Amino acid sequence: MSAQNVSVSVIIVTHNSSATIGDCLRALPAACPGLAFEIIVVDNDSRDDTATIVSAIDPKAHQLRQTRNLGFGAACNVGAQSAGGTYLLFLNPDAILDAGAVRSLVDVCANTANAGFVVPRLRYPDGRFQPSCRKLPTIGNMIFSRGSVIARLFFLADTSQSARYTLPDFAQTTEVEAVAGTVALIDRSTFLSAGGFDQRFFLYMEDTDLSLRLSRQGLKHLFVPVAGAVHRWGRGSAAGKVTRIWRHHFSVWQYFLKHYPNGFSVVLLPLLLFMNGFAAVIMPDRRTDA
């Protein structure tokens, strides 16, 4: 398929993703009715059968195999540089798109002035809503939300609407402050002109950081509930719980150092994040919507 005929470049970053990549790829044709699309798989040095599975399901998929794990944002940037589509769809290998989902995202993006990221409604395999949009991080909504282990342990959680970090389900297309990069569509020229994802974020927060930067340029991010996907949270990579928690907390610290370089971010925040991360490691996983 020639680059000039591609409408959407689907960029999937894999790292030992053999357990999920097959279902992800098989759902793509039905998700893109009426769209020409290409698949770009950027593999972060997988040691399993990910590449073999991709080739078996779609021999035309472009596989960009890396000799080391670049991290999520950096690998997405590699894929974007090779993309020929008008739009980029960043897609986690553990996400399964609904029929027509990409078509719906493209339609909203194409018909919305100053569109930034456009994201679908995610759900867990059991059908429960899975939050994919959030407010921009503040000290309050990060430390004292219901998602904070420290806040729950010491009964400091603020359950008010103003303290929410992740956003609730919306019945209609809704503008949001920031999005998760699990499944996210964006105009390729917009993404490239913004410099792509900041590669200081190895994993996590790169999507929030870019959401903020695009918002400062006057672009708006949209949650589109008519587009849907199942996200098998945490199954797209072989990374363990401790690694995921460490990466997330370290990226949160980097985010605040970048955007709020003050004494609190430098001195006190890393201590709070370490305490929260340690508590999260020893406690059972708890998925929450705030």
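A few comments on the model shown:
- Any hit, the range 217-230, residues being surrounded by fewer than 18 Cβ atoms within 10 Å (Cβ to Cβ), in the same structural domain as Arg26 (by TED's automatic domain parsing) and farther than 23 Å from Arg103 by Cβ: yes
- Close pairs from the range 207-219: first under 16 Å from Ala74 (Cβ atoms), partner part of a loop (DSSP other than H, G, I, E, B), Cβ under 6 Å, at least 6 apart: Asp207/Ala180; Asp207/Gly181; Asp209/Asp198; Leu210/Phe197
- The range 13-30: number of residues that are free of Cβ contacts under 8 Å to residues at least 40 places away in the same chain, surrounded by fewer than 22 Cβ atoms within 10 Å (Cβ to Cβ) and in a helix (DSSP H, G or I): 3
- Output for the range 111-132, where each listed residue is under 15 Å from Ile186 (Cβ atoms) and of a type in the set (A, V, I, L, M, F, W, C): Ala113, Ala115, Phe117, Val118, Val119
- Out of Gly34, Gly22, sole residue that is in the same structural domain as Ser189 (by TED's automatic domain parsing), over 30 Å from His248 (Cα atoms) and either touching a helix residue (DSSP H, G or I) at 6+ places or on another chain (Cβ under 6 Å) or not β-branched (Val, Ile, Thr) (or both): Gly34
- Residues in the range 96-117 that are part of a loop (DSSP other than H, G, I, E, B), over 15 Å from Pro33 (Cβ atoms) and either free of Cβ contacts under 8 Å to residues at least 60 places away in the same chain or not polar (S, T, N, Q) (or both): Asn111, Ala113.
- Which listed residue, of Pro120, Pro33, Pro93, is closer than 24 Å to Trp233 by Cβ, at pLDDT 95 or above and either in a strand (DSSP E or B) or more than 16 Å from the chain's Cα centre (by Cα) (or both): Pro120
- Of the candidates Gly240, Gly236, the single residue that is within 14 Å of the chain's Cα centre (by Cα), at pLDDT below 95 and either closer than 26 Å to Ser46 by Cα or of a type outside the set (A, V, I, L, M, F, W, C) (or both) is Gly236.
- The residues in the range 87-128 that are surrounded by fewer than 17 Cβ atoms within 10 Å (Cβ to Cβ) and among the β-branched types (Val, Ile, Thr) can be counted, and the count is 1.
The values are calculated or read from the model by the stated rules, or taken from the named source; none is laboratory data. Note that the structure is predicted; figures quoted are calculated from it, not measured. All Cβ positions, even for glycine, are placed from backbone atoms using ideal geometry, and neighbour counts span all protein chains on display.
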